[in-house]
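Report on the following structure.
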Amino acid sequence: MNPTRRRTTAALSLALALIVAAGLTGCTEPAATEAASAAPSASATPRSDPDATLWSISSTEEALGLDDPDVQALQQVVALHSGASDNRSPATVAESVAAEETYFTPLFTEKLAAQGYRDAVVAMYDDADLTIEQTGVAWLRSTIDADRLHATVGFESLFAIVEASEGYLHELDVDLGAEFAQPREYSLTKVDGVWLIDDISKGPLRKSAEPTP
């Protein structure tokens, strides 16, 4: 395997596999509020059943409506972050990784930096001449702790490969335009009244244009 192929494979493993970073932080002043206005927005309206709620208080299972202020704030953060992470090209990848970080706690940003996340993602998109575009978001079961300071948000992101090298497509065994779905779970903590992501878990990719039922 040549060095470029090894680097692309390693980047793919880091960027699309399960990402786990432990710990919460609430002692640093976040800069996410101002930066959010410059970050890319989500490309699709999340799907939901208007007659049912997927949100609840974790300890009591009390249902929370979509008009709950924390539910609205959490959905916004998750949608904006997924919009930044799932709309990328070689020309925009560095900017999109920087946009991602505006939604992270400082400790989570440091954890990913120690893993070489930024360099790995940029290398993957450059080496594979890769462009992806988000085509949808589907919410899954999500909870907020009773103290309203911690939350776990489940959703599935749908995205398509718009451009990619022949080698990359062969490596994934897909054609150009292939759509993928990926279940994700975000852990968030409220820092000075702002919800920030402190952990991300990503499930396996599957070739599909539709969310999990």
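Checking each residue in region 126-143 for being of a type outside the set (A, V, I, L, M), outside any strand (DSSP E or B) and open to solvent by less than 10 Å² (accessible area, probe 1.4 Å) picks out no residue at all. Count of region 144-178 residues, restricted to those that are of a type outside the set (Gly, Ala, Ser) and in contact with a Gly (Cβ under 9 Å, 6 or more places away or on another chain), is 6.
Being assigned to a helix (DSSP H, G or I) and either open to solvent by 40 Å² or more (accessible area, probe 1.4 Å) or modelled with pLDDT of 95 or more (or both) is the requirement here; does Tyr186 meet it? For Tyr186, the condition - assigned to a helix (DSSP H, G or I) and either open to solvent by 40 Å² or more (accessible area, probe 1.4 Å) or modelled with pLDDT of 95 or more (or both) - is not met. All told, Ile161 falls short of being among the hydrophobic types (A, V, I, L, M, F, W, C) and either open to solvent by 10 Å² or more (accessible area, probe 1.4 Å) or over 18 Å from Ala91 (Cβ atoms) (or both). Of all residue pairs spaced 6 or more apart or on separate chains, those with beta-carbon atoms under 7 Å, a first member in region 85-109 that is among the aromatic types (Phe, Trp, Tyr) and a second member that is in a loop (DSSP other than H, G, I, E, B) are Phe108/Ala21. Residues being in contact with a helix residue (DSSP H, G or I) (Cβ under 6 Å, 6 or more places away or on another chain) and open to solvent by 30 Å² or more (accessible area, probe 1.4 Å) are represented in region 106-117 by at least one member.
The values are calculated or read from the model by the stated rules, or taken from the named source; none is laboratory data. Because the structure is a prediction, the values reported are computed rather than measured. Positions of Cβ are backbone-derived with ideal geometry, glycine not excepted, and every protein chain shown enters the neighbour counts. For accessibility, only protein heavy atoms count, side chains too; no ligands or nucleic acids. Shrake-Rupley method; radii C 1.70, N 1.55, O 1.52, S 1.80 Å.
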